[in-house]
Amino acid sequence: MRWIALVLLVAVIAAAAALYGMVAGEGEAEAPRSVAAAPATGDRVVHAVPDWTAALQRLDPPQAASTEAFTDGDGKALSLADFKGQGVVLNLWATWCGPCVTEMPSLNRLQAAVAADGIRVVAVSSDREGMAKVGPFLKKYDLDHLQPYLDPNGAFQRSMAGQGLPRTFILNGAGQVVASYVGPAEWDAPELIVRVRELAR
């Protein structure tokens, strides 16, 4: 009888071990796809890098830019025509938009990377409170390479993209819209910086 009990005990232990392995495997599969969660090979971390450039849709032919006005942080009325001669990365965002907030630091770094190329990141907020909301936000997150641009009534946003945020457009030096992107991105990813430079010429 003892050997029967021993066999049963071994079977229970084996089943428990198998169940643990299945549960552990499921947990790892559900882990976030990030550098921290990626499997390591030696000293090299292996992880999937999103193809940001694939979602950047080139417009052929280029489209005319909106003539609708927005303002800078001092309340001065501007339009995209004021940036003609420069490449522009136009970003439509708001402080209440989670994906917008997520990508703002990368836009800040993009501006630092492409400033010498004569490319301007123009991030236009549709916050109704205007500078009272946007100014403290930029300061809080040390977005020192971005200037505040405001569209509190949403007219400029509607003229460009309707209601979806965030939306980003690339304008060339002639002031034409040459590409668009829907949703957040890591704008300082090396492949995107290269693509922005190509498109914004």
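None of the figures in this text is laboratory data; all of them are computed from the coordinates on show. Quantities reported herein were computed from a predicted structural model and do not represent experimental measurements. Neighbour counts run over all protein chains shown; Cβ positions are idealised from the backbone, glycine included.
Mind putting a number on the dipole of segment 124-201 about its Cα centre? Charges go on the C-beta only, +1 for Lys and Arg and -1 for Asp and Glu, and I need it in Debye to the nearest 20.
Details: 9 positive and 9 negative charges, 45 e Å.
In debye, rounded to 20, segment 124-201 gives about 220.
Count Lys and Arg as plus one, Asp and Glu as minus one, and take only other residues whose Cβ is under 15 Å from that of Leu138; the net charge is then -3. Segment 52-199 has equivalent-ellipsoid semi-axes of 21, 17, 15 Å, by the square roots of 5 times the alpha carbon gyration tensor eigenvalues, sorted largest first.
Charging the Cβ of each Asp and Glu at -1 and of each Lys and Arg at +1, and nothing else, the dipole of segment 52-199 about its Cα centre rounds to 140 debye.
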